[in-house]
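Any read-out appearing in this document is the output of simple, stated calculations on the displayed coordinates, not a laboratory observation. Predicted, not measured: the structure shown is a model, and the values here were computed from it.
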Amino acid sequence: MFVLFVTWIHVIAAMLWVGGMLFFSLVFIPSLKGGLEGALKADLISRVGKRFRVVGWISLAVILFTGLFRFYQEGRPLSLYGTAFKLKLFLVFVMFALTFVHDLFLGPKSASLSRSALGSGSFHKMVRFVARLNLLIVLMIVWAAISFVRGF
């Protein structure tokens, strides 16, 4: 029963992370287009982004802890797992790295550039690219997780 509970927590944390990313990119950001001025828009994105950063990193910590716990509890060496699981682990590493870079460096710099008169369109495009790439990687992690659970 405890294993089921840990798996449930793992899935809930993943839903929070993936759902938040999808909401941010498909609902929140598009709803701001054409409605707010630059500095106000940048401030709102920054405030919501900082709040999601807290929720997101907590959910990522839970995902990491519960995933490692489940891996340890299985007691099998990594070499016995299939390609889908190994792909998932690799993608999780890439996702953590991209999230770290986005949240600690790119996002804050993008917000400060948006508030200033300078503004850098090319930098903002790079930040959007990294965020979209990270979302794509997260969706690939979900695919790999489903493939692993289903025996592929």
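With just the Cα atoms defining each centre, how far is segment 3-31 from segment 38-97? Give it in Å. Spelled out, the Cα-based centre of one part sits 10 Å from the other. Each residue of segment 76-91 was assigned a 3J(HN,Hα) from its phi angle through the Karplus expression (A = 6.51, B = -1.76, C = 1.60, θ = phi - 60°), giving 9, x, 4, 4, 7, 7, x, 4, 4, 5, 5, 4, 4, 4, 4, 5 Hz with x at Gly and Pro. Legend: P(r) of the chain from all alpha carbon pair distances, 5 Å bins from 0, whole percents, reading 2, 8, 16, 22, 17, 12, 9, 7, 5, 3, 1, 0. For segment 2-149, the number of Lys pairs with C-alpha atoms closer than 21 Å, counting only pairs eight or more positions apart or on separate chains, is 10. Computed 3J(HN,Hα) for segment 145-152, one whole-Hz value per residue from the Karplus formula 6.51 cos²θ - 1.76 cosθ + 1.60 where θ = phi - 60°, is 5, 5, 4, 5, 5, 7, x, 8, glycine and proline marked x.
Measure nothing but the geometry: give the 0 to 90° angle between the long axis through the Cα atoms of 2-23 and the longest principal axis through the Cα atoms of the chain, rounded to 10°. That helix lies at roughly 20 degrees to the long axis.
Taken one residue at a time, the phi angles of segment 65-74 give Karplus couplings (6.51, -1.76, 1.60, θ = phi - 60°) of 5, 5, x, 5, 4, 5, 4, 5, 5, 5 Hz. Gly and Pro are set to x.
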